[in-house]
Amino acid sequence: MQHESPPRAWVDVDLEAIAHNLDIARQALPDTQLMPVVKAGAYGHGLEQVARRLDKDGITFFGVANAGEARRLSQAGIRTKPFILGPTFPEEREEIVLNNWCATVSTVEEAQHFQSLAALYDKTFLVHLALDTGMGREGVLPSEMSGMIAALKQMPNVVVDGAMSHFPCADEDVPYTQDEITLFSDCVAELKQHFRLRFCHIAASAGELGYEIPAANLARPGLLLYGVAPMASIYDGVLRPTLKLSSRVSLVRTLPAGHGVSYGRTYCTTEPTRVATIGIGYADGWNRHLSGKGARVYINGHYCPMLGRVTMDQIMADVSHVPFIAPGDEVELIGPNIPVTEIARLAETIVWEIFTGLGPRLPRLYH
Ligand SMILES: *Cc1c(COP(=O)(O)O)cnc(C)c1O
């Protein structure tokens, strides 16, 4: 009989915390429908597991990145409709139409492709018209909207069921975002003269937390569900952290003064130092940019500075001040004592990248 060795590093996921954070979003926006965003494996938390937990709660769509993620949701028996957030590729569209998944269109060409597929299968296909109110990633420009409206009206099998946009700097530039809300409202008002829009949406977590958006009746929270508010807000302390990243000590040794630690010898001991080797590295998503930035890990009740560069599968930490430590001891890398926001700041990136960078080698454990 084969027996599996315990993982060197793993992620504990708290699905109840994610459900709690969705409730917080719902309480904050009682009159707004919700599209929990579960793309990129629910930000590293596990696509099917998170979707299954939230599927019960009467939500409108699940936001996904592509047809493959939509397929995984439907194969997992999820009833909520997937909404493909970005532009679709031509090869994805037949499957999207056949399954009645929801997609955006930015151009006449995309809409025409959906029209011909829907006609081929004798179906009506519901799309959301994407508007580019400033993001520069997808959507029709406001100046080109009337031409798009005219083209869409010639497509009997394509129904414009919604209008969407996306803020580029809701968490950084309030006046710009307020102007964008006005522009979005104007576009929606014009579209409503031509289409029966059931869904209008522009806000992700930051927009949702920071602004009144009377033209919208649907919001797309992502990061918020995973316990982090993108802006300092009343939600800090109300949202619950949703994951813990842990590893284990593999070795504890004492290095003499003047001994280098890790590649490049960027760190050198100045005195005899007890060094723990820990079984996690950048291949797991413990970002290599944390090297030499003052990152710390938490072992047996003590903060321990990480020493030298992050390697592919291992890191080292100074444990000279930890009285009891032995191989096998657990190491907290993200969790109650080390917030993910600290890691993102030290790695000079954003929390979204830390979450989605957690690698496939890390088992996800659900409680
Ligand atoms: C990823 C994404 C979201 C969710 O963003 P958060 O900032 O994580 O809340 C919402 N809308 C679109 C279009 C996205 O691509």
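A simple rule links phi to the HN-Hα coupling: the Karplus curve 6.51 cos²θ - 1.76 cosθ + 1.60 with θ = phi - 60°, which for the stretch 92-98 gives 7, 6, 4, 4, 5, 5, 4 Hz, with x for Gly and Pro.
Taking every DSSP beta bridge that has both ends in the chain, the antiparallel portion is near 55%.
Please compute, over every Cα-Cα pair in the stretch 204-253, the percentage with a separation greater than 12 angstrom.
Working: 849 of 1225 pairs.
When all Cα pairs of the stretch 204-253 are counted, 69 percent exceed 12 Å.
Close amide-amide hydrogen proximity is noted between L251 and T277, each under 5 Å apart and 5 or more residues distant or on a separate chain (H modeled in the peptide plane; Pro and chain starts excluded).
Please list, in chain and number order, the residues 5+ apart from G63 or on another chain whose amide H is under 5 Å from its amide H, with Hs placed from the backbone. Under 5 Å from the amide H of G63: V37, V38, F83.
Given a cut-off of 23 Å, name the pairs among K39/K81; K56/K192; K56/K81; K153/K192; K81/K123 whose C-alpha atoms lie farther apart than that in the structure shown. It would help to have the intermediate numbers written out before the result.
Details: K39/K81 13 Å; K56/K192 31 Å; K56/K81 13 Å; K153/K192 13 Å; K81/K123 17 Å.
Checking Cα-Cα distances, K56/K192 exceed 23 Å.
Please get the size of the charge dipole for the chain, origin at its Cα centre, with Cβ charges of +1 on Lys and Arg and -1 on Asp and Glu, quoted in debye to the nearest 20. Write out the running numbers ahead of the final one.
Values: 31 positive and 41 negative charges, 207 e Å.
Using Cβ point charges on Lys, Arg, Asp and Glu, the chain gives about 1000 debye.
In terms of Cα atoms, the Rg and Dmax of the stretch 243-366 work out to 13.7, 44 Å.
Computed from phi, the 3J(HN,Hα) profile of the stretch 125-140 under the Karplus parametrisation 6.51, -1.76, 1.60 (θ = phi - 60°) reads 10, 8, 10, 10, 6, 7, 10, 9, 9, x, 6, x, 10, 7, x, 7 Hz, with x in place of Gly and Pro. Structural size metrics of the stretch 74-222, computed from C-alpha coordinates, are Rg and Dmax of 15.3, 46 Å. With the helix formula -39500 (n - 2.57) applied to DSSP H stretches of n ≥ 4, the chain reaches a computed 222 nm mean residue ellipticity of -8500 deg cm²/dmol. For F167, nonlocal amide neighbours, meaning residues 5 or more places apart or on other chains whose placed amide H falls under 5 Å from its own, are A204. The gain in end-to-end length when the K56 to E109 segment is fully stretched comes to 15.4 nm, 0.36 nm per residue minus the alpha carbon separation. Size check on the stretch 1-99: the Cα extents along the three principal axes, sorted descending, read 48, 39, 21 Å.
Please work out how much length the chain gains when fully extended from E95 to R198, using 0.36 nm per residue of separation minus the C-alpha to C-alpha distance, in nm with one decimal. Could you put the intermediate results ahead of the total?
Numbers: separation 103, 0.36 × 103 = 37.08 nm, distance 2.33 nm.
34.7 nm is the gain from fully extending E95 to R198.
Working note: Karplus 6.51/-1.76/1.60 with θ = phi - 60° gives the stretch 345-354 the couplings 5, 5, 7, 6, 9, 10, 4, 3, 6, 5 Hz, where Gly and Pro are set to x.
The distance from the alpha carbon centre of the stretch 10-42 to that of the stretch 241-297 is 33 Å, rounded to a whole number. Projecting the Cα atoms of L333, M312, L358 onto the charge dipole of the stretch 312-367, computed from C-beta unit charges around the Cα centre, puts L358 farthest toward the positive end. Taken along the Cα-to-beta-carbon direction at a fixed 7 Å, the label points for S5 and E330 span 2.1 nm. Ellipsoid fit via the Cα gyration tensor, the stretch 50-128: semi-axes of 23, 12, 11 Å, each the root of five times an eigenvalue, largest first. Label-to-label distance for R79 and V174 is 4.2 nm, based on points extended 7 Å past Cα in the beta-carbon direction.
Run the numbers for V252 and D31: contour at 0.36 nm per residue of separation, minus the present Cα-Cα distance, in nm.
74.0 nm
For the stretch 146-216, the list of trypsin sites (Lys or Arg not before Pro) that fall in a loop by DSSP and count at most 14 other C-beta atoms within 10 angstrom reads K153, R196. Neighbour counting of Cβ atoms within 10 Å sorts the residues V310, V38, V174, fewest neighbours leading, into V174, V310, V38.
For the chain, calculate the relative contact order in percent as a whole number, restricting contacts to Cα pairs under 8 Å that are 6 or more residues apart.
Details: 752 pairs, mean separation 64.7, N = 367.
This gives 18 percent for the chain.
By the compact-protein rule of thumb, 2.2 N^0.38 Å, the alpha-carbon radius of gyration of the chain corresponds to a ratio of 1.15. A convex hull fitted around the alpha carbon atoms of the stretch 174-243 yields 83 Å³ per residue.
Starting with the fewest neighbours, write out H367, H166 ranked by other beta-carbon atoms found within 10 Å of each beta-carbon. Walk me through the numbers before you get to the answer.
Values: H367 7, H166 24.
Sorted ascending by nearby Cβ count, the order is H367, H166.
Each value in this text was obtained by applying a stated rule to the coordinates, not by laboratory testing. Everything numeric here is computed off the predicted structure, so don't read it as measured data. Positions of Cβ are backbone-derived with ideal geometry, glycine not excepted, and every protein chain shown enters the neighbour counts.
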